[in-house]
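The structure under discussion appears below in the form of structure tokens.
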Amino acid sequence: MSGRLAGKVAMITGAASGIGKRTAERFIAEGAKVLLTDIQDAKGEEVAKSLGGSAAYRRADVTREEDIAAAVAEAGRRFGPLDILLSNAGIRGQGATPIEQLDMAAWDRAMAVLLRSVVYGAKHAAAVMKPRRSGSIVNLASAAGLVAGATPHDYSTAKGAVVHFTKGLALELGEFGIRANAVCPGYTITPMVLEGLGIGAQAIEAEPAKVDAAFAAVHPIPRVGRVGDIADTILFLASDESRFVNGQAIGVDGGLSAGAHWSGHRGKMAGIRTSLAADG
Ligand SMILES: NC(=O)c1ccc[n+]([C@@H]2O[C@H](COP(=O)([O-])OP(=O)(O)OC[C@H]3O[C@@H](n4cnc5c(N)ncnc54)[C@H](O)[C@@H]3O)[C@@H](O)[C@H]2O)c1
């Protein structure tokens with residue numbers, strides 16, 4: 001299918017890499033005009049160039065409100081008023097740190113990149129979308145925003161807040177024809193995850209089956225997530241096909257956020273039975 005975003009103007013943050021990059025490619029293939037933004041300028045320019053005249057790149061640090069405001073304005077000047085905002089830029093956070101050793105400067109940094117950025121995006125996109133009574137805002141959250149403990153505190157707290165903020169936005173903006181939804185990926189092979197694992201991209205590309213096997217225990221669908229899995233869901237939410245979908249946080253995680261299956265508790269229950277039987 002093509003033309004699912006024909007005539008639409010989109011802006012994507014963090015579009016130089018990973019999920020943002022793949023989504024930009026999908027949006028363009030479906031007929032949208034896309035302003036890609038990021039802080040990796042060389043990569044962003046290169047991606048935009050590869051996508052042709054319906055794409056352009058502009059630097060926007062998502063922690064700076066003025067950058068987001070200027071990018072929304074530029075999308076308007078170049079392509080027309082914004083129909084779709086994908087707030088996607090992100091970082092990993094400070095990793096597994098015991099609560100008493102949390103680095104609060106790193107905490108603030110994570111909140112700025114992962115949460116304030118999403119608020120800035122919605123604020124400036126809504127200003128353009130509201131008078132036109134139309135728009136779709138998609139925020140990148142995470143399975144870690146749906147269940148606690150999937151990642152360390154800063155990342156999961158920020159993503160949980162993105163889910164909550166998105167629902168609030170949907171309640172506020174629905175009457176103006178603007179929808180807001182969040183996408184919540186599981187472990188997805190992108191530079192962010194590879195960096196976290198300390199693995200090179202080449203190794204992954206060379207042995208996809210080995211990567212799936214390594215991630216088999218993490219997701220109920222026993223493989224790792226791929227950027228196309230996430231981009232396809234974002235595309236649905238950006239397009240008019242999801243015209244009555246609003247205020248949802250959709251897990252694209254192979255079932256990870258659905259809960260813990262009882263079979264996983266079997267070993268623990270057997271241990272409890274044995275220890276109680278021994279005591280009795
Ligand atoms: N990969 C996963 O497993 C996974 C899982 C759940 C959620 N996510 C979320 O998906 C989104 C995309 O991540 P990804 O996995 O594609 O990672 P990625 O590292 O490939 O892409 C993130 C992009 O954000 C950009 N960025 C970082 N800080 C920025 C800033 N201050 N201003 C502007 N751009 C900035 C980076 O330069 C990069 O291009 C993030 O919000 C991430 O938290 C990813």
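The values are calculated or read from the model by the stated rules, or taken from the named source; none is laboratory data. Predicted model, so just to flag it, every value in this text is computed and none were measured. Positions of Cβ are generated from backbone atoms using ideal geometry, with glycine treated the same way; all protein chains shown enter the neighbour counts.
Filtering A60, A75, A55 for residues that are under 19 Å from the mean Cα position of the chain (by Cα), surrounded by 17 or more Cβ atoms within 10 Å (Cβ to Cβ) and touching a residue at least 24 places away in the same chain (Cβ under 8 Å) leaves a single hit, A60. Condition check: more than 24 Å from D229 (Cα to Cα), among the hydrophobic types (A, V, I, L, M, F, W, C) and surrounded by 15 or more Cβ atoms within 10 Å (Cβ to Cβ). Does A112 satisfy that? Considered against the rule, which asks whether it is more than 24 Å from D229 (Cα to Cα), among the hydrophobic types (A, V, I, L, M, F, W, C) and surrounded by 15 or more Cβ atoms within 10 Å (Cβ to Cβ), A112 comes out as yes. Number of residues in the stretch 171-221 that are modelled with pLDDT of 85 or more, charged (D, E, K, R) and over 25 Å from S239 (Cα atoms): the value is 0.
Taking the stretch 182-280 and the helices (runs of 4 or more DSSP H) fully enclosed by it, the elements with 1 or more residues that are within 16 Å of the ligand (Cβ to nearest atom) and touching a helix residue (DSSP H, G or I) at 6+ places or on another chain (Cβ under 9 Å) are at 191-197, 201-206, 208-215, 227-238.
Evaluation of A148 against the conditions (1) part of a helix (DSSP H, G or I); (2) surrounded by fewer than 17 Cβ atoms within 10 Å (Cβ to Cβ); (3) more than 11 Å from the ligand (Cβ to nearest atom) shows that the sole unmet condition is (1). Return the residues of the stretch 89-105 that are aliphatic (A, V, I, L, M) and farther than 22 Å from Y187 by Cβ; say none if nothing qualifies. Selection gives I99, L102, M104, A105. In this structure, is G135 away from the ligand (no atom under 13 Å from the Cβ) and either modelled with pLDDT under 95 or touching a helix residue (DSSP H, G or I) at 6+ places or on another chain (Cβ under 9 Å) (or both)? Yes.
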